[in-house]
Amino acid sequence: MEIFETKEAIQSYLEEQRSFQKTSAFVPTMGALHEGHLSLIQAAKKIADLTICSIFVNPTQFNDPKDLEKYPRTTEQDILLLRQHGCDILFLPTVEEMYPEEEEKWHIDLGELDKIWEGANRPGHFQGVTQIVYKLFQIVKPNYALFGQKDYQQVRVIQSLVNSKQLPIQIVSQETIRSEKGLALSSRNSLLSEQGKEKALVLYRALSWVKTNFNTNSIKNLQKEATAIIQKEEVELEYFAICEADSLQEATEKQANKSYVALVVVRIENIRLIDNMILQ
Ligand code: AMP
């Protein structure tokens, strides 16, 4: 695996690869890699000649400085895993490399996506995400970019970035990888105690209940039951919402021709955990 730490180095390498007509699939990450990230690498390998991963803990997308400070960093282990899984290229820049100078405040119009759920609860988060992903896309210029459905709203946001900047990049979304018991894998899980991880299973329990009972219950009842399941555990519920899968607007009544998704965020041991499930 080729490892690059500077924009210039990776750009000139990729330019040469493109001159040989090689296609590329890109998996941006913040490291502390787990099977969820590695499933994206595996999917990338199937669709393009070159698989490119980036590891960069992007400061501009953290609205909570403490969250940034305690974000797990396991670069040596990550490199090993990427090698084992046949990743071809790793981009591993420093903060100075990605943000070398004062720049104008980034802003992109994401419409409603920036105002609801993660947009509302983490002010500035999606602006930070789109800022870094746009920078990475400009450097890597991939044919495909892969993202996890675990961050459902993020996939919508990235598609909106690609549309508004008219980038020739195909966005591919991959299903959420879970532990045997159903906990969605996340770099943040490593910050939980064993007891915290047990409590976190309530997310999967609530989501699964809603999926199983979707056809026989009203939206209002599904919402009520799921909230009750979560509140039985000692966790801090930030939101549980049943939304239209496309617009992410909160659903009020089911319509036959529409798909729905349940979105949930809780805090356990002060760690913020996000999950979702497509219902129909
Ligand atoms: P992160 O390192 O958390 O920024 O995640 C990098 C990419 O991996 C994002 O596209 C995430 O949605 C994706 N990802 C994270 N966890 C999972 C998971 N459990 N299953 C599938 N994809 C995931």
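The values are calculated or read from the model by the stated rules, or taken from the named source; none is laboratory data. It should be emphasised that the depicted structure is a prediction, and the values quoted were computed from it without experimental measurement. Because the Cβ atoms are built from the backbone with ideal geometry, glycine has one as well, and the counts that use them run over all protein chains shown. When the accessible area is computed, the model is the full protein with side chains, heavy atoms only, and any ligands, DNA or RNA have been set aside. Shrake-Rupley method; radii C 1.70, N 1.55, O 1.52, S 1.80 Å.
Projected onto its three principal axes, the C-alpha set of region 135-208 covers 45, 24, 18 Å, listed from the longest axis down.
Free of any GluC sites (Glu not before Pro) that DSSP assigns to a loop and that have at most 11 other C-beta atoms within 10 Å, the longest stretch within the chain is 1-100. Every Cα-Cα pair in region 207-280 was counted, and those over 14 Å apart are 57% of them. Treating r as the C-beta distance of Glu234 and Glu97 and R0 as 41 Å, the FRET efficiency rounds to 0.45.
Placing a label point 7 Å from the Cα of Lys22 along the Cα-to-Cβ direction, the residues of region 137-155 whose backbone N falls under 20 Å from that point are 137-146. Expressed to the nearest 5 percent, the antiparallel share of DSSP beta bridges inside the chain is 50 percent.
For region 19-116, which chymotrypsin sites (Phe, Trp or Tyr not before Pro) are in a loop by DSSP, counting at most 10 other Cβ atoms within 10 Å? Before the final figure, lay out each step's value.
On the way: sites: Phe20, Phe26, Phe56, Phe62, Phe91, Trp106; in loops: Phe20, Phe56, Phe62, Trp106.
The qualifying sites are Phe20.
Among the trypsin sites (Lys or Arg not before Pro) in region 177-280, those placed in a DSSP loop whose Cβ has at most 15 other Cβ atoms within 10 Å are Lys181, Lys258.
Which of rounded, prolate or oblate describes region 49-190 when judged by the alpha-carbon gyration tensor and an a/c cut-off of 1.5?
Numbers: a/c = 1.26, a/b = 1.17, b/c = 1.07.
Verdict is rounded for region 49-190.
Charged side chains reduced to their Cβ positions (Lys and Arg at +1, Asp and Glu at -1) give region 129-225 a dipole of some 180 debye around its Cα centre.
Helix content alone sets the calculated 222 nm mean residue ellipticity of the chain: runs of n ≥ 4 DSSP H residues at -39500 (n - 2.57) each, divided across all residues, give -12500 deg cm²/dmol. Placing a label point 7 Å from the Cα of Gln11 along the Cα-to-Cβ direction, the residues of region 108-151 with a backbone N closer than 13 Å are 135-141. Global dimensions of the chain from alpha-carbon coordinates: Rg and Dmax equal 19.2, 58 Å.
Computed with a 1.4 Å probe over protein heavy atoms only, the accessible area of Thr212 comes to about 110 Å². Considering only Leu136, Tyr204, Trp117, and ranking their Cα positions along the charge dipole of region 63-211 that arises from unit charges at the beta-carbon of Lys, Arg, Asp and Glu, the one farthest toward the positive end is Tyr204.
When the dipole is taken about the Cα centre of the chain, and only Lys, Arg (+1) and Asp, Glu (-1) are charged at their Cβ, what size is it in debye, to the nearest 20?
Details: 31 positive and 39 negative charges, 194 e Å.
Once rounded to the nearest 20, the dipole reads 940 debye.
Kindly state, as a whole number, the per residue volume in cubic angstrom of the convex hull around the alpha carbon atoms of region 107-256.
Details: hull volume 21.0 nm³, N = 150.
So the per-residue hull volume is 140 Å³.
The modelled label-to-label distance between Glu198 and Asn257, using points 7 Å beyond Cα along the C-beta direction, is 4.9 nm.
Hey, how many Å between the Cα centroid of region 215-268 and the Cα centroid of region 58-118? Taking the Cα centre of region 58-118 as reference, the centre of region 215-268 is 29 Å away.
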